[in-house]
1. Within the range 15-57, restricting attention to residues that are small (G, A, S) and modelled with pLDDT under 90, which residue is surrounded by the most Cβ atoms within 10 Å (Cβ to Cβ)?
2. I'd like to know if the range 107-123 contains one or more residues that are part of a helix (DSSP H, G or I), open to solvent by 20 Å² or more (accessible area, probe 1.4 Å) and over 30 Å from E299 (Cα atoms).
3. Yes or no: the range 394-401 includes at least one residue that is at pLDDT 95 or above and either charged (D, E, K, R) or not assigned by the TED database to the domain that holds A271 (or both).
4. Collect the residues in the range 352-387 that are modelled with pLDDT under 90, under 13 Å from F341 (Cβ atoms) and hydrophobic (A, V, I, L, M, F, W, C), keeping them in residue-number order.
5. In the range 228-273, what count of residues is obtained for those that are touching a helix residue (DSSP H, G or I) at 6+ places or on another chain (Cβ under 9 Å), open to solvent by 20 Å² or more (accessible area, probe 1.4 Å) and among the charged types (D, E, K, R)?
6. How many residues, within the range 17-48, are assigned to a loop (DSSP other than H, G, I, E, B) and without any contact (Cβ under 8 Å) to a residue 40 or more places away in the chain?
7. When you check Y106 against the structure, is it within 30 Å of G51 (Cα to Cα), in the same structural domain as F202 (by the TED database) and out of contact with any Lys or Arg (no Cβ under 7 Å at 6 or more places or on another chain), yes or no?
8. Is it true that some residue in the range 63-75 is part of a loop (DSSP other than H, G, I, E, B), on the phi < 0 side of the Ramachandran plot and either of a type outside the set (V, I, T) or touching a helix residue (DSSP H, G or I) at 6+ places or on another chain (Cβ under 9 Å) (or both)?
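The values are calculated or read from the model by the stated rules, or taken from the named source; none is laboratory data. Please read all numbers here as calculations on a predicted model, not as lab measurements. Cβ coordinates were reconstructed from backbone atoms using ideal geometry, including for glycine residues, and neighbour counts include every protein chain displayed. SASA here: full protein model, heavy atoms, side chains in, ligands and nucleic acids out. Shrake-Rupley method; radii C 1.70, N 1.55, O 1.52, S 1.80 Å.
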Amino acid sequence: RTELALKETMSSGGAEDDIPQAERKTVTDFCYLLDKSKQLFNGLRDLPQYGQKQWQSYFGRTFDVYTKLWKFQQQHRQVLDNRYGLKRWQIGEIASKIGQLYYHYYLRTSETSYLNEAFSFYSAIRQRSYYSQVNKEDRPELVVKKLRYYARFIVVCLLLNKMDVVKDLVKELSDEIEDYTHRFNTEDQVEWNLVLQEVAAFIEADPVMVLNDDNTIVITSNRLSETGAPLLEQGMIVGQLALADALIIGNCNNQVKFSELTIDMFRMLQALEREPMNLASQMNKPGMQESTEKPARRENPHKYLLYKPTFSQLYTFLAASFKELPANSVLLIYLSATGVFPSGRSDSEGPYDFGGVLTNSNRDIINGDAIHKRNQSYKEMHCLHPGDLYPFTRKPLFIIVDSSNSVAYKNFTNLFGQPLVCLLSPTAYPKALQDQSQRGSLFTLFLNNPLMAFLFVSGLSSMRRGLWEKCQDYLRKINRDIAQLLTHSRSIDQSFLQFFGDEFLRLLLTRFIFCSATMRMHKIFRETRNYPESYPQLPRDETVENPHLQKHILELASILDVRNVFLENTLDDY
């Protein structure tokens, strides 16, 4: 293939014999590197998606070849222009592939710094207009490459919270799609317009806007920062477990999504990451870090993002995570999914009698489906039941369920005596609260951005930056106090304390208690099903109904001038 390409490209530049040997070698070497890079890149698809070790050396080799290819075309651009006829879109393709490599490396490692690297390559393509000539060529497949580049760039910008860039890219993509559908009468027009609609809905999913003095929108990040989690103070006795692995599962019908990320998945993955560092100062190349260099801080927990998985897929990833979980580590399972309720009546109250959450049936062909519909005594098949998670409680397990049937997971039994906690969303929200479910769950919003969730339940939709920052400071104080309440409680289950040593889990637990306390004090949240629950249960008087914490929540409401939304003396109501 290389020889053929060589003959074709060189013959156009005059007689083959006229070409100096060195230039011939340059073109040959370039063709070899280009072929090799495509071969390795295509091979990435065949790597198993789960398991953390098998893929690293292959990624390393692919990066090596792309690094050589990128430098080679920079050093020999003149010769490649003259003798090979290298076009700018071809350089763009190489840069785009490197951007994709970094993005996939981020997905595999959860190291946010690689997103910055993907961003810098994608940005270079746009700044240097590598794809600008594509529209002049009468080749629809080239235009599709350009459109796909835009879609990938948008995903990276969303993950980095670069919303101003996203808005520019959406406008450019919209123009490109219009031009593409106008010039080529293609069948994928509807699909590309759907991409635009999805990203537009995704950008507008936040229910509250934070505004600068000039009314521009402030971009708030919800990743863990240095001041994010309340610090452990002297006298707090907590476990030494570390969150090592997380499965983030999204299977809600009708929820805003982009690419294969629902808004709930997007929010939760950010709650399990630190703010990105600049990679240049940290390491040279993925997988190439010297083992002697210790990173300055703990890494992000590794994550699997599963959009609408079948039961088989979910169980495969769960088993892989479980198998590779290091000693003294925690596995987190986050389920944002439609509730599945038991269809038949059951006399027993076992781990398969309360239903659970939906798994996808499209790709799982199970012979029993037809029989199942006829017989009410069988259990729901396309459903993750609490009992399905029992085998995995042999290791420390932290479960978050955001679903209309989250309470099914309240009926857990800790069989193996390992630390086990389930945080469960309300199963219904008050009718008076504007239905936001399409734009993401309120419970997950509390775990990701508690102040925004607090403002939303208080009926506020925008706020000035200065007041937002003042409230964030006050919320940090509330988090410190919640940490004190938890660690000084005499009757709390030890599982909570064993997880409290990990920064991410500490933040999730304090936010959960803040969410629960807020909802219990709110005037329109009056039914039991409006409140989050947990397994094991928290001692209410020492945590979610603690008078000291209630006083703080009223104080936060006063700062925002929304005290009338909350009950003043909630203690008298119980």
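1. Just the residues of the range 15-57 that are small (G, A, S), to begin with: 15, 22, 37, 43, 51, 57.
Filter once more, keeping what is modelled with pLDDT under 90: 15, 22, 51, 57.
Working: A15: 8, A22: 9, G51: 13, S57: 10.
The residue in question is G51.
2. Going residue by residue through the range 107-123, those that are part of a helix (DSSP H, G or I) are 107-109, 113-123.
Subsequent filtering for residues that are open to solvent by 20 Å² or more (accessible area, probe 1.4 Å) retains 107-109, 116-117, 119-121.
Checking which are over 30 Å from E299 (Cα atoms) leaves us with none.
No, that holds for no residue.
3. In the first step, residues of the range 394-401 are kept if they are at pLDDT 95 or above; the result is 394-401.
Restricting the remaining residues to those that are either charged (D, E, K, R) or not assigned by the TED database to the domain that holds A271 (or both) gives 394-395.
Scanning the range 394-401 turns up at least one residue that is at pLDDT 95 or above and either charged (D, E, K, R) or not assigned by the TED database to the domain that holds A271 (or both).
4. F354
5. Selection size over the range 228-273: 2.
6. Filtering the range 17-48 for residues assigned to a loop (DSSP other than H, G, I, E, B) gives 19-20, 47-48.
Imposing the further condition that a residue be without any contact (Cβ under 8 Å) to a residue 40 or more places away in the chain reduces the set to 20, 47-48.
Selection size over the range 17-48: 3.
7. Details: within 30 Å of G51 (Cα to Cα): yes; in the same structural domain as F202 (by the TED database): yes; out of contact with any Lys or Arg (no Cβ under 7 Å at 6 or more places or on another chain): yes.
Here the answer is yes, as Y106 does meet what is asked.
8. Quick first cut of the range 63-75, residues part of a loop (DSSP other than H, G, I, E, B) only: none.
No: the range 63-75 contains no residue that is part of a loop (DSSP other than H, G, I, E, B), on the phi < 0 side of the Ramachandran plot and either of a type outside the set (V, I, T) or touching a helix residue (DSSP H, G or I) at 6+ places or on another chain (Cβ under 9 Å) (or both).
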